[in-house]
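These notes concern the structure reproduced below.
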Amino acid sequence: MLRPKGNREPLPSPAKHLGQHFLTDDRIAARIVEAIPAELLDRLPAIEIGPGRMILTRHLARRSPRLILVEKDERLIPLIEESLREFGDRIEIRRADALHESLVVSGSPYILLSNLPYNISVPLLIKIIGADPPPLQAVLMFQKEVADRITAPPGGKEYGSLSVAARLLSNPVHLFDIRPGSFSPPPKVHSTVLSFTPAATRLDPAINGAIYLARAAFSYRRKTLKNALEQGLSPEIMAKVLRLLDHEPDRARSRPETLSPGDWLDLSRRLREHNPEIFANIKE
Ligand code: SAH
């Protein structure tokens, strides 16, 4: 257990709105941390989002030369400070919302780990793998259904703009699944741990356009590519897309899910070739 019984206040009860499902199986915690190779774990600063009751944190604290913890629940902060005091100023504890906090270490490569709060796991993932610079490796836990969408290959119903964005920014790799019983309180769903390393395509100037096009089209995924984009894009951008697709009737008639992440990038590249400013004003 985290601390001796009897002589201190009880742990604050888990807050649902903060996605608090605390991992209780320490062997799984060790497996998550050890998904990062020793030479990175022992040498690079690490960031952990949502340390919670610190089951991952304790493994990290023993090894990281510097550890930054970002935790939103202020009730947990005194507990975290007290429990990690022995590690001294190698550990920095920030009470902050990870969605609004800088999640990079400047001046050094770094790694990032988190059993992510499930209600905000997708925006946090995009923030992490889209960061400048991104972590050399991130090991993150998701609810299984979201992890399946992140790693989905083209063609199936799980494949969508999240799969495209994740693949173009990083190299998502499935590590293992975890049963609800390994958490307290147990979530309703299974969980999955994925590992991410930066992808070469993340630096392509066409990447934002590719993700933008995929998001627009997958909002209407049952339509053909041409009709889906027509629904999802502004008339100005669509006029330029049409000029391109008019030469590719087969592609125009295909479904959005048949385009691989590389195909979306290619479409964006070709649009930018003729219209360098086309995606200049899109919002992420
Ligand atoms: N790492 C712990 C806790 C996981 S539960 C474990 O594996 O058991 C998710 C954690 O993220 C909780 O500690 C929760 O308080 C924290 N959290 C939720 N929303 C957050 C946010 N927006 N920013 C930072 N931490 C957040």
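General observations
- Taken over the chain, the alpha-carbon convex hull comes to 133 cubic angstrom per residue.
- GNM result for the chain, Cα springs below 10 Å: residue of 88, 209, 155 fluctuating most strongly: 88
- The accessible area of residue 39, taken with all protein chains in place and a 1.4 Å probe, comes to roughly 100 Å².
- Mean Cα-pair separation over length for the range 207-274, i.e. relative contact order, pairs under 8 Å, 6 or more apart, %: 42 percent
- Note on the chain: GNM, Cα springs under 10 Å; of 69, 11, 79, the largest mean-square fluctuation is that of 11.
- Residue 257 contributes about 40 Å² of solvent-accessible surface, heavy atoms of the protein only, 1.4 Å probe.
- Normalised by the number of residues in the chain, the average gap of Cα pairs under 8 Å and 6 or more apart makes the relative contact order 15 percent.
- Debye, to nearest 20: dipole size of the chain, +1 on Lys, Arg Cβ, -1 on Asp, Glu Cβ: 580 debye
- Considering only 150, 234, 190, the residue lying farthest towards the positive end of the dipole of the chain is 190, judged by Cα position with unit charges set on Cβ.
- For the range 207-274, projected area of the alpha-carbon convex hull averaged over all directions, nm²: 3.9 nm²
- What the Cα atoms of the range 26-105 give is an Rg and a Dmax of 12.0, 34 Å.
- Here the chain carries DSSP beta bridges of which approximately 45% are antiparallel, counting only pairs with both residues inside.
- Burial ranking of peptide ranges 127-134, 213-220 (average Cβ count within 10 Å, highest at the top): 213-220, 127-134
- Counting every pair of alpha carbons in the range 1-143, the share spaced more than 28 Å apart comes to 12 percent.
- Taking every alpha-carbon pair under 8 Å whose residues sit at least 6 apart, the range 105-164 reaches a relative contact order of 32 percent.
- Size estimate for the range 133-284 follows the Kirkwood approach: the inverse of mean 1/r over distinct Cα pairs works out to 16.5 Å.
- Stretching the chain fully between residue 197 and residue 220 yields a gain of 5.3 nm (0.36 nm per residue, less the alpha carbon separation).
- Cα centre as origin, Lys/Arg/Asp/Glu Cβ charges: the range 207-274 dipole, Debye: 160 debye
- Listed residue (102, 259, 199) projecting farthest to the positive dipole end of the chain, Cβ model: 259
- Above-threshold pairs, the threshold being 31 Å between Cα atoms, out of 157/188; 16/223; 72/144; 188/223; 144/240: 16/223; 188/223; 144/240
- Taking the accessible area of the range 16-203, probe 1.4 Å, and keeping the other protein chains in place, the carbon and sulfur fraction comes to 52%.
The values are calculated or read from the model by the stated rules, or taken from the named source; none is laboratory data. The structure presented is a predicted model; accordingly, all values stated were derived computationally and were not measured. No Cβ is skipped: glycine too gets one built from the backbone with ideal geometry, and neighbour counts run over all protein chains shown. The area values use the complete protein model at the heavy-atom level, side chains included, leaving out ligands, DNA and RNA. Shrake-Rupley method; radii C 1.70, N 1.55, O 1.52, S 1.80 Å.
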